[in-house]
Amino acid sequence: MKPDEFRQHAHEVVDWIADYLEHADRYPVCSRSRPGDLLNALPDAAPEEGEPMSRILADFERDIMPGITHWNHPRFFAYFPANNSGPSILGEMLSAGLGVNAMLWQTSPAATELEQRMMSWLGQLIGLPDGFHGVIHDTASTATFCALVCARERTTNFAINHSGLTGAAERGALRVYASREAHSSVLKGARLAGFGADHVVAVDIDAQRRMDAADLERRVTADREAGFVPCAVVATVGTTGCTAIDPLTAIAPVARRHRLWLHVDAALAGTAAILPEMRWILDGVAGADSLVFNPHKWLLTNFDCSAFYVRDPDHLQRTMSIHPEYLKTTRDAEVVNYMDWGMQLGRRFRALKLWFVLRSYGAQQLREMVAGHLALARAFAALVEADPEWELLAPVPLNTVCFRWRPAGLVDADTLNERNAALMARVNLDGVIYLTHTKLDDTTTLRLSVGQRATGPEHVQQAWDALRAGARALSGKDADEDA
């Protein structure tokens, strides 16, 4: 593609993106594709000859767009926010154009030093205490895995890195502790890091679905007496199911007493701490060894951009680093080489889009956005509480409301679960809103997560209207009224 052709088609693509960001709400929120729709539309083999970009862009509209679920949609209330923004997209475009591999300082000094400064800015924005040092990973799952490997090597004095899993066999099995509300990445990370699923210990939760620090103490003590080796605890600030906030002020002393690595998973909720009135969610984080939160969830920075902080970067680097001759440079003693801070050797220039976002919006506008989302979640919770046929199923400390439809006189648990599953399927199929669910104590729980850039009060009201209309249709009330 010659520069003039690139310029022409790039303008077309940017115009398309700008129009999409302004009018994403003209699409059904959730894709209506059926399994195999796109596969059946695509040729079985790559073309022998190149095709014109005009045809490729036309096929993008015809074949790809129907299979897109619109995370940018203002009525996307599923899973968690996955925001982007114009400034972030522009930064991503420049990063792609530069084609930087940010593995070493020397491979692009600006990429490393901008990442250092952005991690410092983010830490200040969320009130992270002095002494933490940051790196950008792709996802919180990667960061949690790195934290567990660091914990493993600290507990075994690097025996597993040197000798494999047999190197620590005589010590007894290593144990990881997390509440049963913790994210699935804890279990996956523990499996991949060699702990094994059987050695991830589920700690009890309290009435607010937070980790019970007293039960953590009991389980760690019992495990040590039984010959296990307690190694790490993962506390969650904003659990995926219901955004419960594990009490770090109670967990950190237990971790310190038993020499457990304390990792804090604040993947979604960490962004809320940019509000001074929400800093309480990280009370006690000074006692943590590591923390992760994702600007790509709720801070207008497109996927992927996950901020991982550690207290001891030297330990992280000793755990992760490999130094073949071809990667050594004369500057290594003077600079940060982020290839030593995680699994990846090759690394994208993610800090650039973050820099664009933080400078373009400024801290105050970002705070206003987050505060607005929190207010919308509280407003939706108030609607639920005010209607006798609906009920809240968990506290609402952040942006996610856990609730269900409970028709008058219906008490059978299985039937209630079936009704709520049917309601969710119905409203999602209608395309006006998109919700997902969880299970809280075997109760099918609908979740409404507020956090998209363009979501406003009218969209939350539309969600409530769609849910009530769906409930009326399922209960036959519309038919009764028509009759």
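Every number in this text was worked out from the coordinates using simple rules, so none of it is lab data. Predicted, not measured: the structure shown is a model, and the values here were computed from it. Here the Cβ positions follow ideal geometry from the backbone for every residue, glycine too, while neighbour counts run over all protein chains shown.
Computed from the C-beta positions of Ala422 and Leu392, the FRET efficiency with R₀ = 22 Å rounds to 0.60. Sorted from greatest to least, the principal axis extents spanned by the alpha carbons of the range 35-95 come out as 39, 33, 16 Å.
The HN-Hα couplings worked out from phi for the range 451-459 by the Karplus form 6.51 cos²θ - 1.76 cosθ + 1.60 (θ = phi - 60°) are x, 6, 3, 9, 6, x, x, 5, 6 Hz, whole numbers, x standing for Gly and Pro. Taking other residues whose beta carbon is less than 9 angstrom from the beta carbon of His133, and scoring Lys, Arg as +1 and Asp, Glu as -1, yields 0.
Can you put Tyr326, Tyr309, Tyr338, Tyr177 in order of Cβ neighbours within 10 angstrom, beginning with the fewest? Mind dumping the intermediate values first?
Details: Tyr326 5, Tyr309 26, Tyr338 23, Tyr177 29.
Ascending Cβ contact count within 10 Å gives the list Tyr326, Tyr338, Tyr309, Tyr177.
Around the amide H of Gly196, modelled in the peptide plane, lie the amide H atoms of Arg191, all under 5 Å away and 5 or more residues distant in sequence or on another chain. If only the Cβ of Lys and Arg carry +1 and only the Cβ of Asp and Glu carry -1, the dipole of the chain around its Cα centre is close to 1240 debye. The count of lysine pairs in the chain whose Cα atoms are under 23 Å apart, excluding pairs fewer than 8 places apart on the same chain, comes to 4. Sorting 343-351, 37-45 by average packing, meaning the other beta carbons within 10 Å per residue, from highest down gives 343-351, 37-45.
Close amide H partners of Val203, meaning residues 5 or more places away or on another chain with modelled amide H under 5 Å apart, are Ala178, Ser179, Arg180. The modelled label-to-label distance between Lys188 and Ala413, using points 7 Å beyond Cα along the C-beta direction, is 3.0 nm. For Trp390, the amide hydrogen comes within under 5 Å of the amide hydrogens of Arg406, counting only partners 5 or more places away or on other chains and with H modelled in the peptide plane.
Toward the positive end of the charge dipole of the range 100-349, with +1 on the Cβ of Lys and Arg and -1 on the Cβ of Asp and Glu, the farthest Cα among Leu192, Pro324, His133 is that of Leu192.
Could you work out the pair-distance distribution P(r) of the range 100-349 from its alpha-carbon pairs, with 5 angstrom bin width and percents rounded to whole numbers? The calculated distribution, bin by bin, is 1, 6, 14, 19, 19, 16, 12, 7, 4, 1, 0, 0. Here the dipole of the range 309-348 is about 180 debye; that uses its Cα centre as origin and unit charges on the Cβ of Lys and Arg (positive) and Asp and Glu (negative).
Where nothing but the Cβ of Lys and Arg (+1) and of Asp and Glu (-1) is charged, how large is the charge dipole of the range 100-349 around its Cα centre, in debye to the nearest 20?
Working: 24 positive and 27 negative charges, 48 e Å.
Approximately 220 debye in magnitude.
By the beta-carbon count within 10 Å of each Cβ, the least crowded to most crowded order of Leu423, Leu94, fewest first, is Leu94, Leu423.
3J(HN,Hα) along the range 146-158: 4, 4, 5, 5, 4, 4, 4, 6, 5, 5, 9, 6, 6 Hz, from the Karplus curve 6.51 cos²θ - 1.76 cosθ + 1.60 with θ = phi - 60°, whole Hz, x for Gly and Pro.
Farthest toward the positive end of the dipole of the range 214-351, out of Leu216, Phe308, Met339, is the Cα of Met339, where the dipole comes from beta carbon charges about the Cα centre. With a ≥ b ≥ c the root eigenvalues of the C-alpha gyration tensor of the chain, is it rounded (a/c under 1.5), prolate (a/b larger than b/c) or oblate? Here the chain falls in the oblate category. Label positions at Thr436 and Leu38, each projected 7 Å from the Cα along the C-beta direction, are separated by 1.7 nm. For the range 55-67, backbone phi angles converted through the Karplus equation (6.51, -1.76, 1.60; θ = phi - 60°) give residue-by-residue couplings of 5, 5, 5, 5, 5, 4, 5, 6, 9, 7, 4, x, x Hz, Gly and Pro being listed as x. Net charge of the neighbourhood of Ala182, taken over other residues with C-beta under 9 Å away and scored Lys/Arg +1, Asp/Glu -1, is -2. Note on the chain: helix-only mean residue ellipticity at 222 nm, from DSSP H runs of 4+ residues weighted -39500 (n - 2.57) and normalised by residue number, equals -13500 deg cm²/dmol.
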